[in-house]
Amino acid sequence: MIKLSFLNLFRRKSRTFLTLLAIAVGVASIIVLVSLVDGVVADFTEVFEQFQGLIVLEKGAADVPFSKLDRSFEHKLEKINGVKVAIPEIWVLPNKIDGQIPEFSLATVMVYGLDLDKYHVSSGSGWIAEVEKGSFIRNSDTDSVVIGKKIAEDYDKFVGSVLDIDGKKYRVKGIFAGQSEFIEGVIVMPLEAARELADLDADKVNSFTVGLTDPSKDKQIAEQIEFIYSDDLQALSMSQYSEQFGEIFGSLRLLVWAIAAIAAVVAGVGIINTILMSILDRTAEIGTLKATGWTNENVFMMIMYEALSIGILGGIIGLILGFMVDLFLASILNINFLITVPLLLQAFLFALFIGLIAGIYPAYRAVKLDPIEAIRSG
Amino acid sequence: MIVAENVTKEYKMGEVIVRALAGVSIKIEEGDFVVIVGPSGSGKSTLMHILGALDKPTAGKVLIDGEDISEMDDWELAMLRRKKIGFIFQNFNLIPTLNALENVVIPTEPLPGDKTKYDQRGIELLKMLGLGDRLLHKPSELSGGQRQRVSIARSLINNPEVIFADEPTGNLDTVTGNHIVEIMRKLNKEEKKTFVIVTHDQSLLDYANKQVFIRDGKIEKQTKKKIIKN
Ligand SMILES: Nc1ncnc2c1ncn2[C@@H]1O[C@H](COP(=O)(O)OP(=O)(O)OP(=O)(O)O)[C@@H](O)[C@H]1O
Ligand SMILES: [Mg+2]
């Protein structure tokens, strides 16, 4: 029976092909979109997980570049129990690098100024990744920068090269590798040098990175800071940060599935149509099967197998297609896609499910065919 | 044994009621070779479908081996056809994507158990019908007579008691048609299969041991006789 169902699909090759294509495209787009979202989330999460501690911002500021705080909080924060160090930071989105406007991307170029001496003393929290070439810099290296590998690649820089940021020249002292593009798109310089670029008052910074004696108490201490300086500060633990981030992308993921659901309805209607037409073509045949002793259940199952085969075949083609599109996009766009087994499985089951649902109505119609009418039509 | 008592079949066409059968009584016994003749629209096919448990009468009774088909549901009727009845149609109604052997065994497809024994039987039947070298041919690669032989094999695969044939020679030339009827006669004689053949071709009457003449949904004449042709 399965063989017959299968053969039936290939009677009207172009019709079946179009239906298969609809499902395959649906499945492939789920895979591409979800793996893209998941890949971005994974990259961010990696960044967050390297740093254990808090980020302290101006209350109400959406993100670090929009936050402005008095430098005096540095000492106030360090007085709080459990806080090991508060490192003042300034973030600048450069307008021009080597005279060019930086290309906008997910891993956009960022200048990160911080109290480097203090960072060294606190032996780093891992935020700034390992220097691969050259050496790290100190507060006194005012005209020097350490850059991420991506910047080195994009702007063709080596240790000793000169990098022009918004018209000011800096010497590249070191190049670091990070685990993700976000980190490798960062230019590190001393706090005061970044202040000049940011055109920020002498007693202002954007944010503080707060190191803790016990990183597992991060949420507690964040609450404490927000309680004491309830009018001025917001403190985010990195774990919170990444959770928030995860939520945003979680809803994005949902949106992707919603788009997929629309594709599913279209594909489902396609399957229903394909099979209904094929039943119409085969009226006499189905009548004959009934005459020779096939029960309604047998006929029902035959049609269901057909719908399922379309689902399965379309699903497999979709998996392959999605995989290839991911590979292709990854190779030209430099984006990390995260293809997981559960995603593949979900996308495949999704196709199967569409096939199953779409099969029911045509199968019911085939069962309702009057064998006599059916035979007469032959 | 099939017994029809005063069978009526009516079709509603909007306001109009079409009476396809108007009180038909007939008895089909084991080993019979029944030929039912009548002009087009006389109700031959309708009668055959009712006798073959494909359709139910509007009024009257049809008993197949003592069981009233009016009281059976779809599933029971399907089971009855599966076990006891075979059909042969004018248009052969073969499945174009399947080869001869696959077409023959298609009625056994829903049955549980070992499929090879059905394949074996299908091959035997096709060999017996002279199609041993055409097992893997598609219907489109067969002549009309060969196709009808495939459909005869299909009607025999479940080893039924009765085989109903609706205009089995209707799409064949006279020589091929006669050959097909002779095959049925042989099965009737040698395998003790009961045949009920519905046709407007009077020449088939010569093969019958029971001749039924039908007109306007009624049996005009019914004769039992010695078979003339063998
Ligand atoms: N589904 C139906 N609805 C209405 N009328 C029908 C239906 N089926 C058959 N009839 C009518 O019943 C009558 C008998 O039909 P039937 O097919 O049994 O004739 P027949 O003797 O087999 O004719 P033929 O030799 O042309 O095949 C015809 O008048 C036909 O129009
Ligand atoms: Mg007829």
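Applying the criterion of being out of contact with any helix residue (DSSP H, G or I) (no Cβ under 9 Å at 6 or more places or on another chain) and surrounded by fewer than 17 Cβ atoms within 10 Å (Cβ to Cβ) to the residues of the stretch A:199-225, the residue that is nearest to A:N95 (Cα to Cα) is A:D199. Listed by first and then second residue, the pairs linking a residue in the stretch B:198-216 that is within 14 Å of another protein chain (Cβ to nearest Cβ) to a residue that is outside any loop (DSSP other than H, G, I, E, B) and within 14 Å of ligand 2 (Cβ to nearest atom), with Cβ atoms under 6 Å apart and 6 or more places separating them unless they lie on different chains, are B:V198/B:I36; B:V198/B:K44; B:V198/B:M48; B:V198/B:D166.
On the basis of being crowded, with 18+ Cβ neighbours inside 10 Å and assigned to a strand (DSSP E or B), does A:L163 make the cut?
Working: crowded, with 18+ Cβ neighbours inside 10 Å: yes; assigned to a strand (DSSP E or B): yes.
When the stated conditions are applied, A:L163 passes them.
Filtered by the rule that a residue be without any contact (Cβ under 8 Å) to a residue 60 or more places away in the chain, surrounded by 13 or more Cβ atoms within 10 Å (Cβ to Cβ) and either out of contact with any helix residue (DSSP H, G or I) (no Cβ under 8 Å at 6 or more places or on another chain) or more than 14 Å from chain A (Cβ to nearest Cβ) (or both), the stretch B:139-164 gives B:L142, B:G144, B:G145, B:Q146, B:R149.
Residues are listed down the side, and each one gets a yes or a no for (1) crowded, with 16+ Cβ neighbours inside 10 Å; (2) within 14 Å of chain B (Cβ to nearest Cβ); (3) free of Cβ contacts under 8 Å to residues at least 24 places away in the same chain:
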residue: A:G311; (1), (2), (3): yes, no, no
residue: A:L319; (1), (2), (3): yes, no, no
residue: A:V325; (1), (2), (3): yes, no, no
residue: A:V341; (1), (2), (3): no, no, yes
residue: A:A351; (1), (2), (3): yes, no, no
residue: A:G355; (1), (2), (3): yes, no, no
residue: A:Y364; (1), (2), (3): no, yes, no
residue: A:L369; (1), (2), (3): yes, yes, no
residue: A:I372; (1), (2), (3): yes, yes, no
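So which residues in the stretch B:129-183 are among the aliphatic types (A, V, I, L, M) and closer than 29 Å to B:I64 by Cα, if there are any at all? Step through it out loud before you land on a result.
Pass one, the stretch B:129-183, residues among the aliphatic types (A, V, I, L, M): B:129, B:131, B:135-136, B:142, B:150, B:152-153, B:156-157, B:162-163, B:165, B:172, B:175, B:180-181, B:183.
Matches in the stretch B:129-183: B:L129, B:V150, B:I152, B:A153, B:L156, B:I157, B:V162, B:I163, B:A165, B:I180, B:V181, B:I183.
The rows are residues; the columns are (1) among the basic types (K, R); (2) under 23 Å from B:P168 (Cβ atoms).
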{"residue": "B:E76", "(1), (2)": "no, no"}
{"residue": "B:G86", "(1), (2)": "no, yes"}
{"residue": "B:F92", "(1), (2)": "no, yes"}
{"residue": "B:P96", "(1), (2)": "no, yes"}
{"residue": "B:E102", "(1), (2)": "no, yes"}
{"residue": "B:I106", "(1), (2)": "no, yes"}
{"residue": "B:L111", "(1), (2)": "no, no"}
{"residue": "B:K115", "(1), (2)": "yes, no"}
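Residues of the stretch B:217-228 that are away from ligand 2 (no atom under 14 Å from the Cβ) and either surrounded by 14 or more Cβ atoms within 10 Å (Cβ to Cβ) or more than 28 Å from B:E10 (Cα to Cα) (or both): B:K218, B:I219, B:Q222, B:K224, B:K225, B:K226, B:I227, B:I228. Just one of (1) modelled with pLDDT under 95; (2) out of contact with any Ser or Thr (no Cβ under 6 Å at 6 or more places or on another chain); (3) over 26 Å from B:G23 (Cα atoms); (4) not charged (D, E, K, R) fails for B:V150. It is (1). Only residues that are more than 16 Å from ligand 1 (Cβ to nearest atom) and closer than 17 Å to B:F33 by Cβ were counted across the stretch B:138-185, and they come to 15. When the stretch B:38-50 is filtered for residues that are more than 9 Å from ligand 2 (Cβ to nearest atom) and within 14 Å of another protein chain (Cβ to nearest Cβ), the ones remaining, listed by number, are B:L47, B:H49, B:I50. Scanning the stretch B:92-120 for residues that are more than 26 Å from B:I64 (Cα to Cα) and touching a residue at least 12 places away in the same chain (Cβ under 8 Å) yields B:L94, B:I95, B:P96, B:T97, B:L98, B:N99, B:A100, B:L101, B:N103, B:D119.
Please enumerate the residues belonging to the stretch B:54-84 that are within 16 Å of ligand 1 (Cβ to nearest atom) and either of a type outside the set (V, I, T) or under 17 Å from the mean Cα position of the chain (by Cα) (or both). Spell out the reasoning first.
Step one: of the stretch B:54-84, the residues within 16 Å of ligand 1 (Cβ to nearest atom) are B:54-60, B:62.
The answer is B:L54, B:D55, B:K56, B:P57, B:A59, B:G60, B:V62.
Checking the condition within 16 Å of ligand 2 (Cβ to nearest atom), of a type in the set (A, V, I, L, M, F, W, C) and within 10 Å of another protein chain (Cβ to nearest Cβ), which residue from B:L54, B:L98, B:L77, B:L111 passes? So the residue among B:L54, B:L98, B:L77, B:L111 that is within 16 Å of ligand 2 (Cβ to nearest atom), of a type in the set (A, V, I, L, M, F, W, C) and within 10 Å of another protein chain (Cβ to nearest Cβ) is B:L54.
Grab the strands (runs of 3 or more DSSP E) fully contained in the stretch B:27-89, keeping just those with 1 or more residues being closer than 15 Å to B:I219 by Cβ. Can you show your working first?
Working: elements: B:33-37, B:59-64, B:85-88.
Strands (runs of 3 or more DSSP E) meeting the threshold: B:33-37, B:59-64.
Pairs linking a residue in the stretch B:166-179 that is more than 14 Å from every other protein chain (Cβ to nearest Cβ) and closer than 20 Å to A:A291 by Cα to a residue that is assigned to a helix (DSSP H, G or I) and within 16 Å of ligand 1 (Cβ to nearest atom), with Cβ atoms under 6 Å and 6 or more positions apart or on different chains, are B:T169/B:G177.
What do you reckon, is A:A374 at pLDDT below 90, part of a helix (DSSP H, G or I) and within 16 Å of ligand 1 (Cβ to nearest atom)? Judged against the criteria, A:A374 is a match.
Pick from B:D74, B:D68: which is in contact with a Ser or Thr (Cβ under 8 Å, 6 or more places away or on another chain), more than 28 Å from B:N171 (Cβ to Cβ) and surrounded by fewer than 20 Cβ atoms within 10 Å (Cβ to Cβ)? Within the list B:D74, B:D68, the selection yields B:D74. All told, B:R185 meets the bar of being farther than 18 Å from B:N93 by Cα, away from every other protein chain (no Cβ under 12 Å) and surrounded by 14 or more Cβ atoms within 10 Å (Cβ to Cβ). Kindly indicate whether A:W257 is away from every other protein chain (no Cβ under 14 Å) and either aromatic (F, W, Y) or at positive phi (or both). So A:W257 passes the test. When B:V196 is tested against (1) away from ligand 1 (no atom under 16 Å from the Cβ); (2) in contact with a strand residue (DSSP E or B) (Cβ under 6 Å, 6 or more places away or on another chain); (3) closer than 14 Å to B:G31 by Cα, exactly one condition is not met: (1).
Output the residues belonging to the stretch B:16-37 that are free of Cβ contacts under 8 Å to residues at least 40 places away in the same chain and away from ligand 2 (no atom under 16 Å from the Cβ). Full working, then the answer.
Of the residues in the stretch B:16-37, the ones free of Cβ contacts under 8 Å to residues at least 40 places away in the same chain are B:16-18, B:27.
If the condition is that a residue be free of Cβ contacts under 8 Å to residues at least 40 places away in the same chain and away from ligand 2 (no atom under 16 Å from the Cβ), then B:V16, B:I17, B:K27 are the ones that fit.
Selection of the stretch B:3-27 for residues being more than 9 Å from ligand 1 (Cβ to nearest atom) and closer than 16 Å to B:V212 by Cβ yields B:V3, B:A4, B:E5, B:N6, B:V7, B:A22, B:G23, B:V24, B:S25, B:I26, B:K27.
The values are calculated or read from the model by the stated rules, or taken from the named source; none is laboratory data. As the structure is a prediction and not an experimental result, all values here were calculated from the model. All Cβ positions, even for glycine, are placed from backbone atoms using ideal geometry, and neighbour counts span all protein chains on display.
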